[in-house]
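To keep things clear, I will list the structure first and then write my remarks on it.
The values are calculated or read from the model by the stated rules, or taken from the named source; none is laboratory data. Keep in mind it's a predicted model, so treat the numbers as computed, not measured. Heads up, the Cβs are rebuilt from the backbone with ideal geometry, glycines too, and the neighbour counts pull from every protein chain shown.
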Ligand code: PEP
Ligand code: MN
């Protein structure tokens, strides 16, 4: 439930409510706004009546949260969350574009891509160092060498970094290098990993699993938030259905739906959703028009030579053309791109 305190509630009144909730076994999440304090009280079952709380001095209103996700719910946080990372905002006026190769392959490849995507207006460099590949025989990533290259290229270009963490064992290492931790589609319901990511003081980009409902996806975000990390960016990357012409099916309805249900920023990855580079641009345009807070796009200087996901990677020229279209669409939406 949410306990909304009156705008002039005294500190002692807030404290008394917290003590009562804690005594009743609730986990407390306090949000002290400029206007008023809101207390999120999370428990498996309602152990105490709302009436008793409403009678307490300083309490304005008590609202039950009916959805199974609480902290991720818009009921808990009426305004959209803006995540601040390295001087950039995700969920604010700017549509943030994260771009780069599927996998970090070499210094030359990463640097060339980073320079090109930055020039076109991207603010965050993506690149996998640990790759979740369907086949054990495919390129698995440069691992620590890949992380070092990402850090080096960040230094040269000033771009922030987002890279995937695949397990709890390598989490401390990845967290040391990256600005944003990516949890991939295959790991969306790896609850041990979600719990550990909750302890890291870095935003988490949580991809939707290909067969997850919106509710399951928000419950995965709830794990991270319940563990104390409120900086979760949701990423729609296509879901599985009967269609096989495209790699997955981009569920663009998830953008307005999640924005309605949750306060968390939502971005779209058209590359993994579609799997074919020629459809990435139109769906990126549609994502910005649908209200996405950002995009995650694969770009490779030479897609035909890519060690991973070449068929869905844009060339730098195509990426630049996409960005100039997106700038116009963002402007219509009252937003900007870098
Ligand atoms: C990726 O972004 O590199 C990736 C593997 O994507 P997904 O987890 O969405 O398949
Ligand atoms: Mn990829």
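Elements of the type strands (runs of 3 or more DSSP E) sitting completely within region 68-112 and holding at least 3 residues that are more than 16 Å from ligand 2 (Cβ to nearest atom): these cover 83-85, 88-90.
Among the residues of region 123-134, those that are within 16 Å of ligand 2 (Cβ to nearest atom) and either part of a loop (DSSP other than H, G, I, E, B) or free of Cβ contacts under 8 Å to residues at least 12 places away in the same chain (or both) comprise 127, 129, 130, 131, 132, 133, 134.
Of the residues 307, 264, which is within 16 Å of ligand 1 (Cβ to nearest atom), outside any helix (DSSP H, G or I) and either buried (at least 24 other Cβ atoms within 10 Å of the Cβ) or modelled with pLDDT of 95 or more (or both)?
Working: 264 fails: within 16 Å of ligand 1 (Cβ to nearest atom).
Exactly one residue qualifies, and that residue is 307.
Looking only at residues in region 135-160 that are within 16 Å of ligand 2 (Cβ to nearest atom) and outside any loop (DSSP other than H, G, I, E, B), the one that is surrounded by the fewest Cβ atoms within 10 Å (Cβ to Cβ) is 146.
For region 109-123, taking the residues that are more than 23 Å from the chain's Cα centre (by Cα) and buried (at least 19 other Cβ atoms within 10 Å of the Cβ), the one that is nearest to residue 99 (Cα to Cα) is identified as 116. For region 267-297, the set of residues classified as in contact (Cβ under 8 Å) with a residue 60 or more places away in the chain, within 16 Å of ligand 1 (Cβ to nearest atom) and under 15 Å from the mean Cα position of the chain (by Cα) consists of 267, 269, 292, 294, 295, 296, 297, listed by residue number. For region 311-338, a residue qualifies if it is within 23 Å of residue 141 (Cβ to Cβ) and either more than 24 Å from the chain's Cα centre (by Cα) or more than 16 Å from ligand 2 (Cβ to nearest atom) (or both), and the qualifying residues are 311, 315, 316.
For region 214-234, filtered to residues that are touching a helix residue (DSSP H, G or I) at 6+ places or on another chain (Cβ under 9 Å) and in a loop (DSSP other than H, G, I, E, B), the residue that is surrounded by the most Cβ atoms within 10 Å (Cβ to Cβ) is 231. In region 98-129, the residue that is nearest to ligand 1 (Cβ to nearest atom) out of those that are out of contact with any helix residue (DSSP H, G or I) (no Cβ under 7 Å at 6 or more places or on another chain) and more than 17 Å from residue 305 (Cβ to Cβ) is 126. For the condition surrounded by fewer than 17 Cβ atoms within 10 Å (Cβ to Cβ) and in the same structural domain as residue 100 (by TED's automatic domain parsing), residue 170 qualifies. If you go through region 176-192 and keep only what is assigned to a helix (DSSP H, G or I) and touching a strand residue (DSSP E or B) at 6+ places or on another chain (Cβ under 6 Å), you end up with just 185. Inspect all residues belonging to region 284-291 and state whether any of them is more than 25 Å from residue 218 (Cβ to Cβ) and outside any strand (DSSP E or B). Yes - at least one qualifying residue is present in region 284-291.
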